[in-house]
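Visitor: I have a structure I would like to understand better, so I am pasting it below and will then ask my questions one at a time.
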Amino acid sequence: MRVVVLTGAGISAESGVPTFRDADGLWEGHRVEDVATPEAYESQPTMVQEFYDARRASLAHVEPNAAHVALARLEDVLGDDLFLVTQNIDDLHERGGSTRVHHMHGELRSALCRACERRFPWDRTLVDLPPCPGCGVTELRPDVVWFGEIPYDMDAIMHELKRADLFVSIGTSGAVYPAAGFVQYAARHRARTLELNLQPSEGTSFFHESRQGPAGTLVPLWVDEMLARVTP
Ligand code: APR
């Protein structure tokens, strides 16, 4: 059975990473639209770099939760039949044990050089304009996909959605495209679709089945069900 899992900010909420659109809709006091755009970076590069530097540093204070760990357990059994795509820029899937994670919106622990366009693992700050390890130019930016930019890995993602038997969306509001459209695309190509989210999302009506509750509870239960079905 081929399974595509899409995750969003909700899967990391119980680890203490704030979501984007819950509560007052602010992310650490900033509207996401004010920092996550190329225009914001052009007009206020220091503010944007400091914002992502702080997010990157905060990863040191959070841990993967039961939902991340459960998905790693599923990968152990399904191997390449599981395609895990996340909108999250944190590294909690990897630290939970997943080894094949597609970060469609980029990664906090990565820097992108605007001069040579290469990507580098990055763990420190960018606001101080360090030179690119590849070309030496001081044009490193956060390797995150901003509004108006094209997400990573789209060809591979669409290919996997087309041949999936099951599409599962976890902890995402369904407010941001193209990810919000994956459920309809997968369903059109005959996948069964399941949503696991704290509350009904903007896309709930598109799913065959929707379960409401915290990811840390729902995801391990769903993984147990899957493993009972696929293991002899
Ligand atoms: N368990 C499951 N779901 C949860 C939990 C939880 N513990 N806590 C919150 N949620 C749900 C919320 O109900 C909401 O539907 O997670 C969803 C989070 O939605 P958003 O904050 O909009 O996050 P996401 O869908 O990942 O945002 C998509 O928007 O700005 C961007 O690039 C950013 O990747 C992000 C994209």
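Visitor: Among (1) more than 14 Å from the ligand (Cβ to nearest atom); (2) aliphatic (A, V, I, L, M); (3) in the same structural domain as LEU166 (by TED's automatic domain parsing); (4) more than 30 Å from ARG190 (Cβ to Cβ), where does MET1 come up short?
Guide: So MET1 meets the others, but not (4).
Visitor: If you check SER15 against the conditions, is it under 29 Å from VAL168 (Cβ atoms), more than 13 Å from the ligand (Cβ to nearest atom), surrounded by 14 or more Cβ atoms within 10 Å (Cβ to Cβ) and among the polar types (S, T, N, Q)? If you could, list the steps in order and put the result at the bottom.
Guide: Details: under 29 Å from VAL168 (Cβ atoms): yes; more than 13 Å from the ligand (Cβ to nearest atom): no; surrounded by 14 or more Cβ atoms within 10 Å (Cβ to Cβ): yes; among the polar types (S, T, N, Q): yes.
So SER15 fails the test.
Visitor: Another question, if that's okay. Having 2 or more residues that are touching a Lys or Arg at 6+ places or on another chain (Cβ under 7 Å) and touching a residue at least 60 places away in the same chain (Cβ under 8 Å) is the bar; report the helices (runs of 4 or more DSSP H) wholly within segment 118-232 that clear it.
Guide: Hits in segment 118-232: 215-230.
Visitor: List the number of the failed condition for ARG211; all other conditions in (1) under 21 Å from the mean Cα position of the chain (by Cα); (2) buried (at least 18 other Cβ atoms within 10 Å of the Cβ); (3) modelled with pLDDT of 95 or more hold.
Guide: (2)
To keep it simple, each residue is scored yes or no on (1) modelled with pLDDT under 95; (2) over 21 Å from THR193 (Cβ atoms); (3) touching a His at 6+ places or on another chain (Cβ under 8 Å); (4) within 16 Å of the ligand (Cβ to nearest atom).
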position	(1), (2), (3), (4)
THR86	no, no, yes, yes
GLU94	no, yes, no, no
THR99	no, yes, no, no
ASP165	no, no, no, no
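Visitor: I've got another one for you. State yes or no: is LEU78 in contact (Cβ under 8 Å) with a residue 40 or more places away in the chain, assigned by TED's automatic domain parsing to the domain that holds ALA175, under 28 Å from GLY216 (Cα atoms) and in contact with an Asp or Glu (Cβ under 8 Å, 6 or more places away or on another chain)?
Guide: No, not satisfied.
Visitor: Could you tell me which numbered condition ARG56 fails, if it satisfies all but one of (1) touching a residue at least 24 places away in the same chain (Cβ under 8 Å); (2) assigned by TED's automatic domain parsing to the domain that holds ARG2?
Guide: So ARG56 meets the others, but not (2).
The values are calculated or read from the model by the stated rules, or taken from the named source; none is laboratory data. Source: prediction; values computed, not measured. FYI the Cβ positions are ideal-geometry reconstructions off the backbone, even for glycines, and counts take in every protein chain you see.
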